[in-house]
Amino acid sequence: VNELIINLPDDFHVHLRQGDETPDYAKDHEAHFNRIMVMPNTLPPIRSAESMLAYYQEIKAAAPSLNPLMTFKLHPDYTPEQLRALKEAGAIAGKYYPQGVTTNSEDGVREMDALFPVFAEMEKLGIVLSLHGEEPSAFCIDRERVFIKKMEKIWTEFPKLKIVLEHVSTLEAIELVKAAPAHVAATITVHHMCLTLNDLMGGALKPHYFCKPVVQGPQDRKAILNAACSGNPKFFFGSDSAPHLRHRKEQSVCAAGIYTAPVAMAVLMELFEEQQALDKLENFCSGFGADFYGLPRETSKKLRLIRQEWTVAEEYHGVVPLYAGRTLGWKAEKI
Ligand code: NCD
Ligand code: ZN
């Protein structure tokens with residue numbers, strides 16, 4: 001195969017930040033994606049229908065052909081009225097951030113049970129629960145494995161609440177999602193399909209491979225790769241593309257997050273080809289996510305992947321992307 005044409009992909013987990021940086025990041029996504037689900041951990045966070053709508057307009061103005069799917073940051077104090085207003089303003093998911101485990105989560109939630117009344121309203125309104133699945137009190141490598149033990153309680157108490165475990169990073173979480181009811185799914189990033197702790201810190205420390213949840217062992221990476229390539233509709237693409245300016249990564253305190261938007265589709269193509277699963281790529285990145293969220297599949301816009309070498313730029317707008325400087329074998333272009 002030297003060329004593959006697929007429906008224009010959706011990315012169900014991206015960070016576009018705020019202010020002057022947002023238009024550049026939005027345009028990088030516009031180059032290869034149709035719908036993107038935008039995370040609410042901006043400064044200040046997206047917590048109201050007004051701020052969510054303003055953010056939507058800002059993204060649309062920068063990248064008119066990109067279709068942002070909006071989210072808000074969960075906290076225990078939402079009233080049913082505020083949640084209804086968010087739903088009416090177009091929110092498709094509420095995002096749970098445990099306190100302090102990742103970028104801009106200092107205002108996150110300490111005890112997830114405090115959110116159960118909010119989950120009950122979200123279930124009624126048909127708002128998806130999007131989970132950053134890490135338990136802050138656990139050892140950093142084990143935070144996801146400890147967190148997922150709480151998930152059964154959520155899906156049992158709220159049988160109609162759709163739940164997405166974001167950026168799944170361990171074999172245990174893959175197994176749990178597979179065994180869970182159909183309304184429980186997971187997003188998979190490109191970097192968790194490619195990297196292990198060896199890449200991050202097996203030799204010299206590589207700050208541009210540092211993200212939350214942290215990349216894990218070879219057996220975890222393999223399980224994630226297999227799940228993505230398996231054709232199971234519970235696993236769909238969410239890049240967690242998370243830009244940080246170079247100086248925020250290359251300093252004594254390194255921000256968590258990997259900027260993958262410019263390379264994601266080329267790298268996915270390479271991975272699915274290696275796995276002899278090219279027939280599964282379109283569902284993974286242009287089908288299953290939309291299906292889970294109850295959105296129509298987009299069939300009129302396409303992405304072409306061609307076998308052509310290109311070298312990833314060292315920087316995009318001051319951000320070092322995944323595989324900066326590396327030559328990739330597939331090129332993606334919107335048609
Ligand atoms: C994300 C960011 O930079 O906003 N960072 C990350 O390491 N993934 C936040 C997140 O999704 O955890
Ligand atoms: Zn994220």
Q) How many of the residues in the range 215-256 are within 14 Å of ligand 1 (Cβ to nearest atom), open to solvent by 20 Å² or more (accessible area, probe 1.4 Å) and assigned to a loop (DSSP other than H, G, I, E, B)? A) 3
Q: Filter the range 1-25 for residues that are away from ligand 2 (no atom under 16 Å from the Cβ) and either β-branched (Val, Ile, Thr) or free of Cβ contacts under 8 Å to residues at least 60 places away in the same chain (or both) and give the result.
A: VAL1, ILE5, ILE6, GLY19, ASP20, PRO23
Q | Selection count where residues are over 16 Å from LEU271 (Cβ atoms) and within 16 Å of ligand 1 (Cβ to nearest atom), scope the range 174-208 | A | 8
Q) Hey, does the range 202-211 have a residue that's open to solvent by 20 Å² or more (accessible area, probe 1.4 Å) and within 15 Å of ligand 2 (Cβ to nearest atom)? A) yes
Q) Just a yes or no: is a residue in the range 91-111 in a helix (DSSP H, G or I) and of a type in the set (Phe, Trp, Tyr)? A) no
Q: Within the range 65-108, work out how many residues are open to solvent by 10 Å² or more (accessible area, probe 1.4 Å), away from ligand 2 (no atom under 16 Å from the Cβ) and either more than 15 Å from THR42 (Cβ to Cβ) or under 15 Å from the mean Cα position of the chain (by Cα) (or both).
A: 15
Q) Is it true that some residue in the range 116-132 is in a loop (DSSP other than H, G, I, E, B), within 16 Å of ligand 1 (Cβ to nearest atom) and either open to solvent by less than 20 Å² (accessible area, probe 1.4 Å) or in contact with a Pro (Cβ under 6 Å, 6 or more places away or on another chain) (or both)? A) yes
Q) How many residues does the range 1-21 hold that are open to solvent by less than 30 Å² (accessible area, probe 1.4 Å) and either within 12 Å of ligand 1 (Cβ to nearest atom) or not polar (S, T, N, Q) (or both)? A) 11
**Q.** Residue count, the range 298-331 (criterion: hydrophobic (A, V, I, L, M, F, W, C) and closer than 18 Å to ASP24 by Cβ)
**A.** 6
Q: Please find, within the range 218-259, the residue that is nearest to GLU21 (Cα to Cα) out of those that are among the β-branched types (Val, Ile, Thr) and within 16 Å of ligand 2 (Cβ to nearest atom).
A: ILE258
Q) Taking GLU166, is it of a type in the set (D, E, K, R), away from ligand 2 (no atom under 16 Å from the Cβ) and either in contact with a helix residue (DSSP H, G or I) (Cβ under 9 Å, 6 or more places away or on another chain) or closer than 24 Å to LEU295 by Cα (or both)? A) no
Q: Say whether the condition of being in contact (Cβ under 8 Å) with a residue 40 or more places away in the chain and within 28 Å of GLN219 (Cα to Cα) is met by at least one residue in the range 106-122.
A: no
Q) Of all residues in the range 133-173 being away from ligand 1 (no atom under 16 Å from the Cβ) and among the acidic types (Asp, Glu), which is least open to solvent (accessible area, probe 1.4 Å)? A) ASP142
Q: State which residue is least open to solvent (accessible area, probe 1.4 Å) when the search covers only the range 22-64 and only residues that are of a type in the set (Lys, Arg) and part of a helix (DSSP H, G or I).
A: LYS60
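The values are calculated or read from the model by the stated rules, or taken from the named source; none is laboratory data. Small disclaimer: the values here were computed from a predicted structure and weren't measured. Note that we place each Cβ from the backbone using ideal geometry, even for glycine, and neighbour counts take in every protein chain shown. Areas reflect the complete protein model, heavy atoms only, side chains present, ligands, DNA and RNA absent. Shrake-Rupley method; radii C 1.70, N 1.55, O 1.52, S 1.80 Å.
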